[in-house]
Amino acid sequence: MKKKKIQKTNAMRQLENHGIGYNVHQYAWNDDNEKAQNDADETGMPFHKIYKTMVATGSNTGEIVACIPAGTKLDLKKLAEASGNKKVDMLDINALEKTTGYVRGGCSPVGMKKSFPTFLAQSAAELDTIVVSAGKRGMQVELAPDDLLEITDGEYADIT
């Protein structure tokens, strides 16, 4: 039986161009409210390793990317402090694709249209790997948190 070839995303190409190793996890995407739990169930990954990518706008810096554990909530005040902003608001969902090049449910912290300041929840530092969107609905990449910070020029922060 022939193995189905994975169509690479921009995020995957950038990881490869930087020599960063990753594993791909694919699943049937649906617009379920419990999406992160579904991602974990479908990929067989532990729930605590699933990280979601959120994009906000800072009063001083403009757009900011935050990667947080799927079971947590982003603390906008903490993100503002970590990013050097007075105030931070979530990016309007209708502006997501135009700003990042990615759609809701498929927004990767890697390979956005532009480089934005990126903050990874401090809890990721304790894990050997985390799972983030590969830039396409139903596709995730598993990589070391330090590798994610390297390619995004990001930093760990207390943002949840």
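Taking every protein chain into account, the accessible area of the chain amounts to 55 square angstrom per residue (probe 1.4 Å).
Take the Cα of N94, step 7 Å toward its Cβ, do the same at A144, and the gap between the two points is 4.3 nm.
Full extension of the chain segment joining H48 with E16 gains 9.0 nm, where the gain is 0.36 nm per residue of separation less the Cα-Cα distance. Of the residues K78, K73, K8, the one with the largest accessible area comes first in the ranking K73, K8, K78, computed with a 1.4 Å probe on protein heavy atoms.
Net charge of the neighbourhood of T160, taken over other residues with C-beta under 12 Å away and scored Lys/Arg +1, Asp/Glu -1, is +2.
Phi angles of segment 53-70 translate, via the Karplus equation with coefficients 6.51, -1.76, 1.60 and θ = phi - 60°, into HN-Hα couplings of 9, 10, 10, 10, 10, x, 5, 9, 9, x, 5, 9, 10, 10, 10, 10, x, 4 Hz per residue; Gly and Pro are given as x. In this structure, the amide hydrogen of D75, modeled 1.01 Å from its nitrogen in the peptide plane, lies closer than 5 angstrom to those of T160, counting only residues at least 5 positions away or on a different chain.
Ellipticity at 222 nm from helices only: DSSP H runs of n ≥ 4 in the chain, each -39500 (n - 2.57), divided by the residue count, give -6000 deg cm²/dmol. Amide hydrogen proximity for G101: with H placed 1.01 Å from N in the peptide plane, the residues at 5 or more positions away or on another chain lying under 5 Å are K113. Net charge of the neighbourhood of P117, taken over other residues with C-beta under 12 Å away and scored Lys/Arg +1, Asp/Glu -1, is -2. Taken over the chain, the percentage of Cα pairs per 10 Å bin, counting from 0 up to the bin with the maximum distance, is 11, 43, 37, 8, 1, 0.
Sorting the segments 123-129, 102-108, 150-156, 64-70 by their residues' average number of neighbouring beta-carbon atoms within 10 angstrom, most packed first, yields 64-70, 102-108, 150-156, 123-129. Solvent-accessible area assigned to carbon and sulfur over the chain amounts to 46 percent, based on a 1.4 Å probe.
Contact order, relative form, for the chain: 27 percent (alpha carbon pairs under 8 Å, 6 or more residues apart, mean separation divided by residue count).
For K52, nonlocal amide neighbours, meaning residues 5 or more places apart or on other chains whose placed amide H falls under 5 Å from its own, are I68, A70.
The values are calculated or read from the model by the stated rules, or taken from the named source; none is laboratory data. Every value quoted in this text rests on a predicted model; they were computed, and no experiment measured them. Cβ coordinates were reconstructed from backbone atoms using ideal geometry, including for glycine residues, and neighbour counts include every protein chain displayed. All accessible areas refer to the heavy atoms of the entire protein, side chains included, with ligands and DNA or RNA removed. Shrake-Rupley method; radii C 1.70, N 1.55, O 1.52, S 1.80 Å.
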